[in-house]
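What follows is a single structure, written as structure tokens, with notes after it.
Every number here is computed from the coordinates shown, using simple stated rules; none is lab data. Here the structure is a predicted model, which means the values were calculated and not measured. Ideal geometry is used to build each Cβ from the backbone, glycine not excepted, and the neighbour counts take in all protein chains shown.
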Amino acid sequence: MPTTFLVCRLLLGVAPQPGPAAWDTVAATLKSVPTVTAEYRRFAFPRADLAVTIGDVPVAAGMALGGWVGFVGGPGDAMVIGDLVVLASELPAVAGILTSRGIGMTAVHNHLARETPAVLYVHIIGTGRAVVLAEAIDAALGATATPRPAPVKPPQAPQLDTALVFSALGIRGRANGPIVNLSAQLVTGPIRVDGRDLPAPLAAASPINLQQVSLGRVVATGDFALPSARAPAVVTALERNGIAVTAIHSHYLASEPALVFVHFWADGPLPDVLRGLRAGIDAGK
């Protein structure tokens, strides 16, 4: 911005608008490289420090321990949503920092069941200058042992039959070693939260994650984001196909349309797990 123009704006009482460099400051503050689309910026905070197990299954960070935040709007007038993965011992400090710095908590609950140690998910929302929001989130993450920057491991060759997975579920995703990550979209159109429209892929995606445990055995977890009227059919389809429903709840205090999130855990042969997941997807459409 030319110096003369900047001085004139200040004399008129008009604050200069933050430029694109503000997003670089947000990324540096959060110590994370964002995924950027035309509609939002999403930052990931996987809890690679945690050794979580369910029964005899070690739960990889890429399966169910991926905290994240996403920003919409401009750097001077942003909204941030997301959820942070915390241990119960970390929750009091995280909650105190968030609320004292103007970040709202819209849900605190489980996504998994029978995991050791128990993991909680803190869903958040905030509005204002993106840099200020990032500083508050950075402080909250600092009250946990979340590693930042996230450790980078060389990609591994897929262990699961990705062609079978993508064909069976009717959606494509990405694979890295024993993990396959996909995302269904069962809600279309914008989601209105706190008077602001959020893109459905950010606010109401349905992640599905699979992990190979051994030859012939996989586990799967994730959640189906749905208008509340569709949830009973999805729950029935999952349970009838041997997939346990581990939580049913909202991630927002209020949204238009009203949404619920149906979380699940599957364990068994790949064809059986895929059949049950496809039944859940079809029931949610």
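Applying the Karplus relation 6.51 cos²θ - 1.76 cosθ + 1.60 with θ = phi - 60° to the range 47-59 yields 3J(HN,Hα) values of 7, 5, 7, 8, 10, 9, 10, 10, x, 9, 9, x, 8 Hz, where x marks Gly and Pro. The label-point distance for residue 91 and residue 113, in a model that sets each label 7 Å from Cα toward Cβ, rounds to 1.8 nm.
Sorted ascending by nearby beta carbons within 10 Å, beginning with the fewest, 250, 214 become 214, 250. Computed from Cα atoms, the angle from the helix 91-100 axis to the main principal axis of the chain rounds to 30 degrees. Between 0 and 90 degrees, rounded to the nearest ten: what's the tilt of helix 231-240 against the longest Cα principal axis of the chain? That helix lies at roughly 30 degrees to the long axis.
Remark: the range 257-262, residue by residue, has Karplus-estimated 3J(HN,Hα) of x, 5, 10, 10, 10, 9 Hz, where x stands for each Gly or Pro and the curve is 6.51 cos²θ - 1.76 cosθ + 1.60 at θ = phi - 60°.
The angle between the Cα long axis of helix 130-142 and the longest principal axis of the Cα atoms of the chain comes to about 50 degrees, rounded to the nearest 10.
Each of 115, 239 has some number of other Cβ atoms within 10 Å of its Cβ, and from fewest to most they run 239, 115. Estimated from helices alone, the mean residue ellipticity of the chain at 222 nm is -8500 deg cm²/dmol (sum of -39500 (n - 2.57) over DSSP H runs with n ≥ 4, per residue).
Given the alternatives (1) 29, 23, 16; (2) 35, 20, 18; (3) 26, 21, 18, semi-axes √(5λ) of the Cα gyration tensor in Å as computed for this entry is given by (2). By the count of neighbouring beta-carbon atoms within 10 Å, fewest first, 97, 125 end up ordered 97, 125. Taking amide H as placed 1.01 Å from N in the peptide plane, residue 67 has its amide H under 5 Å from the amide H of 45, 47, 85, each at least 5 places away in sequence or on another chain.
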